[in-house]
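Enquirer: Can you keep this structure in mind? I'll have questions shortly.
The values are calculated or read from the model by the stated rules, or taken from the named source; none is laboratory data. All of these numbers come straight from a predicted model, not from anything done at the bench. We place every Cβ from the backbone using ideal geometry, glycine too, and count neighbours over all the protein chains shown.
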Amino acid sequence: MQTSSAWTDDDVLAAAAEWLWLPDGTEVVDGDVTILRRPAWLARRVAVERTRSDRPAAELIDEASSVARGWEAETLQWAVRDDDAPDLAAELEARGAVVDDVLDILGLPLAGRPELPQAPGVQAEGVDAREQLAAVGDINAAVWGDAPLGERLGAEFAELRRILDEGTGFRVLASLDGVPAATGGVTLAPGPRGLGLVARLWGAATVESQRGRGLYRAVLDERLRRAAQAGAELALVKGRITTSAPILKRAGFRRVGGERRFVLPL
């Protein structure tokens, strides 16, 4: 992908490899593999997000499983990218791991980005008020199975205000006929090799009963618009191959790699 005179496919993949979601309270064990224990309000909290070793897969899985058991986890999620060693996926499957999600790694240059058509009755806007963030929390709870914000709303809103003030990211909320029904976030981060700003698109969720009404497209368009305004060169996203990835490709994104997320019983 030639996003500018400097960006390459390898750069886009490197930007994806640097991307870790670390909500407040996340514990990190970093070595040959990067293991995270995210906060208890998440449905799946213990995961290996990066593998950076030529050691035998069996050794890496043994070590990561030991860490996860020490955290009293019953399962371990493991992200396996297309460029990881082939024996990693095979060893996970031999131990009973199953594929829980299949993602495309997609990039889009924001210079000259397309404007996406908007569906009737759909409106997308930035999130900067407590009541908007509460609606985001309700959508995420319904879609992802996360715990509702509840008492965390105040802390989450303070964190949102900090991010907005620093200019390092934002959230978007879309409504259908005035009823909140979809959301998504963006984190703005430096690219690899000193390249330009990357807009990492994450957390897109649409209430199941309202899917197919143009809400995801509206959330995507608003995020791309705001990211371009913030000076980002590249939009980066991991899209599910059965849901969001086809929409993203129609919007101009191009696949540069893939990722499978395994769930290993412990």
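Enquirer: Residue by residue through the range 15-36, note down the ones that are under 24 Å from ALA204 (Cα atoms) and crowded, with 20+ Cβ neighbours inside 10 Å.
Expert: If the condition is that a residue be under 24 Å from ALA204 (Cα atoms) and crowded, with 20+ Cβ neighbours inside 10 Å, then ALA15, ALA16, ILE35, LEU36 are the ones that fit.
Enquirer: Suppose we keep only residues that are modelled with pLDDT under 80 and polar (S, T, N, Q) within the range 1-45. Which one would you say is farthest from GLY252 (Cα to Cα)? Break it down into steps so the answer makes sense when it comes.
Expert: Start the filter on the range 1-45 by keeping residues that are modelled with pLDDT under 80, which leaves 1-7, 41-44.
Pick out the ones that are also polar (S, T, N, Q) and you get 2-5.
Numbers: GLN2: 13, THR3: 12, SER4: 15, SER5: 19 Å.
Applying the filter and picking the extreme gives SER5.
Yes or no, residue by residue, for (1) more than 18 Å from the chain's Cα centre (by Cα); (2) loosely packed, with under 13 Cβ neighbours inside 10 Å:
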residue: GLU49; (1), (2): no, no
residue: ASP54; (1), (2): yes, yes
residue: GLU59; (1), (2): yes, yes
residue: ALA73; (1), (2): yes, no
residue: ALA79; (1), (2): no, no
residue: PRO86; (1), (2): yes, yes
residue: ASP100; (1), (2): no, no
residue: GLY112; (1), (2): yes, yes
residue: PRO120; (1), (2): yes, yes
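Enquirer: Something else now. Could you list, ordered by first residue, the pairs with Cβ atoms under 7 Å in which the first is in the range 189-203 and more than 26 Å from ILE247 (Cα to Cα) and the second is surrounded by 22 or more Cβ atoms within 10 Å (Cβ to Cβ), at least 6 apart or interchain?
Expert: Sorted first by the residue in the range 189-203, then by its partner, the pairs are PRO192/ALA15; LEU195/TRP7.
Enquirer: Also, quick follow-up: On the given criteria, is ARG130 touching a helix residue (DSSP H, G or I) at 6+ places or on another chain (Cβ under 6 Å) and either among the charged types (D, E, K, R) or surrounded by 19 or more Cβ atoms within 10 Å (Cβ to Cβ) (or both)?
Expert: Values: touching a helix residue (DSSP H, G or I) at 6+ places or on another chain (Cβ under 6 Å): yes; either among the charged types (D, E, K, R) or surrounded by 19 or more Cβ atoms within 10 Å (Cβ to Cβ) (or both): yes.
Yes.
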